[in-house]
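Please read the structure below before turning to the comments.
The values are calculated or read from the model by the stated rules, or taken from the named source; none is laboratory data. Predicted model only: the values in this text are computed from it and were never measured. A quick note on method: Cβ atoms are made from the backbone with ideal geometry, for glycine too, and the neighbour counts reach across all protein chains shown. Protein only, heavy atoms only, side chains kept; ligands, DNA and RNA dropped before computing areas. Shrake-Rupley method; radii C 1.70, N 1.55, O 1.52, S 1.80 Å.
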Amino acid sequence: RAKLDARGTFAFFEAALDAKAQSRRKTEVELRDAIQNDVLRPYYQPLIDLQSGRITGFEALVRWPHAERGMVSPAEFIPVAEDTGLINPLGGQMLRRACLDAAAWPDDVRVAVNLSPLQFRSGNLLSVVTDALKHSGLPPRRLELEITETLLLEKSAQVLATLHALRALGVRISMDDFGTGYSSLSYLRSFPFDKIKIDQSFVRDLGANREAQAIIRSIVSLGKSLGVTITAEGVETEAELSCLRAEGCHEGQGFLFSKARPHAEIVSLLAAQRGIDGDHAAMVA
Ligand code: C2E
Ligand code: MG
Ligand code: MG
Ligand code: MG
């Protein structure tokens with residue numbers, strides 16, 4: 001009887017593993033197709049200057065309009081794209097389209113694009129970025145590239161050289177999801193960033209515990225002494241917003257202001273900004 005149970009359990013896990021592998025395989029096949037047919041689109045989420053309430057830029061977040069599954073979120077396919085190498089063509093497409101879209105925005109509005117560590121290993125990231133800028137005519141100072149701490153964990157000379165070369169182009173570099181990595185802060189010395197984005201988990205805990213506020217306060221003061229912009233991710237409530245303002249955080253991003261929206265809606269949002277200058281509540285409500 002015990003033996004039977006054990007076999008039953010094993011068969012159950014095997015079936016579950018099989019189903020998972022099959023679903024990943026299906027995602028891979030369909031994603032390859034979506035990339036080939038150019039159906040992936042960046043949606044854009046505004047970055048708000050917390051002093052003036054103005055939109056300083058937008059983060060491009062990939063969306064996959066899927067015939068059966070509706071709009072598929074990146075959490076479901078970025079890991080598959082990274083495991084299969086599809087992140088390289090996907091990342092290239094996002095970069096080109098984001099630069100093209102942003103070239104039509106006012107000159108003081110930037111676009112931020114997420115990069116996977118794998119794109120740094122591909123060996124052609126610099127030329128992919130240069131081509132996207134040239135093809136779109138977007139000035140490099142209006143492009144921000146978001147990287148994560150895991151990229152710097154490798155302590156690779158090639159990664160550092162690429163980051164320096166990108167920055168020499170005039171492109172800005174942001175440290176995304178700050179505080180969630182396992183690396184020490186020493187990379188802040190070896191590489192000059194332009195922006196630190198405080199991970200939304202710290203913002204989420206604001207109000208609930210004093211530790212979160214202390215952490216935000218120290219990141220803001222670190223950012224100020226390094227001369228970099230501090231952005232808070234995942235701002236959802238007025239209480240979080242006023243706390244972030246009180247701590248002197250420069251920029252915010254989150255559902256309180258707006259979720260990511262398709263490019264057509266961004267154009268009217270920016271037109272509204274020119275109309276109702278300075279009033280973000282009226283603009284993004
Ligand atoms: P991320 O770069 O940290 O992007 C922020 C994520 O937080 C986005 O999720 C955004 O929709 C979500 N978010 C924004 N405001 C709020 C809020 O107030 N509350 C909550 N709960 N969430 C908020 P999304 O679009 O699902 O993207 C998830 C992650 O997928 C991104 O995290 C990024 O790491 C990755 N990703 C998205 N697009 C790309 C891409 O084109 N290339 C690469 N390599 N990664 C991408
Ligand atoms: Mg990001
Ligand atoms: Mg983030
Ligand atoms: Mg994230």
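Here are the numbers for the structure shown:
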quantity: Viscosity 1.567 mPa s, 4 °C: Kirkwood-radius Stokes-Einstein D of the stretch 64-107 over Cα pairs, µm²/s; calculated: 108 µm²/s
quantity: Relative contact order computed over the stretch 158-276 (Cα-Cα under 8 Å; 6+ residues apart), in percent; calculated: 19 percent
quantity: Given the chain, longest segment not containing exposed loop trypsin sites (Lys or Arg not before Pro) (DSSP; at most 14 other Cβ within 10 Å); calculated: 156-258
quantity: Of ILE35, ILE48, ILE216, the one that fluctuates the most in a GNM where the chain has Cα springs shorter than 10 Å; calculated: ILE35
quantity: Cα centre as origin, Lys/Arg/Asp/Glu Cβ charges: the chain dipole, Debye; calculated: 480 debye
quantity: Contact order normalised by residue count of the stretch 65-164, Cα under 8 Å, 6+ apart, percent; calculated: 28 percent
quantity: Radius of gyration, Dmax [the stretch 127-218; alpha carbons; angstrom]; calculated: 15.5, 48
quantity: Sequence-separation-based contact order of the chain, relative, with Cα cut under 8 Å and 6+ spacing, percent; calculated: 18 percent
quantity: Low-density loop positions, chymotrypsin sites (Phe, Trp or Tyr not before Pro), the stretch 172-216 - DSSP coil, at most 10 other Cβ in 10 Å; calculated: TYR182
quantity: Taking N as its residue count, the alpha carbon Rg of the stretch 188-261 over 2.2 N^0.38 Å; calculated: 1.07
quantity: Compactness of the chain - radius of gyration and Dmax, Cα, Å; calculated: 20.8, 76
quantity: Extension gain from LEU17 to VAL39, taking 0.36 nm per residue of separation minus the Cα-Cα distance; calculated: 5.0 nm
quantity: Under the span-like rule (Cα at least 20 Å along the axis, Kyte-Doolittle mean at least 0.0), DSSP H helices of the chain; calculated: 87-103, 210-226
quantity: Inter-label distance for GLU238 and PHE255, nm, one decimal - labels placed 7 Å from Cα along Cα-to-Cβ; calculated: 1.8 nm
quantity: Structure-based [θ]222 nm, the chain - -39500 (n - 2.57) summed over DSSP H runs of at least 4, per residue, nearest 500; calculated: -16500 deg cm²/dmol
quantity: For the stretch 50-190: Kirkwood Rh in Å [reciprocal of mean 1/r, alpha carbons]; calculated: 16.1 Å
quantity: Area accessible to solvent at THR162, 1.4 Å probe radius, in Å²; calculated: 20 Å²
quantity: Residues of the stretch 1-152: accessible area per residue with a 1.4 Å probe, Å²; calculated: 50 Å²
quantity: Highest-fluctuation residue, ILE78, ILE196, ILE55 considered, GNM on the chain with Cα pairs under 10 Å; calculated: ILE78
quantity: Separation in nanometres of the label points that stand 7 Å from Cα toward Cβ, at SER73 and ALA272; calculated: 2.4 nm
quantity: Label-point separation in nm, ASN209 to GLU265, each point 7 Å along Cα→Cβ; calculated: 3.4 nm
quantity: GluC sites (Glu not before Pro) within the stretch 3-83, DSSP loop, no more than 10 other Cβ atoms inside 10 Å; calculated: GLU68
quantity: Accessible area of the stretch 6-76 belonging to carbon and sulfur atoms, whole % at 1.4 Å probe; calculated: 56 percent
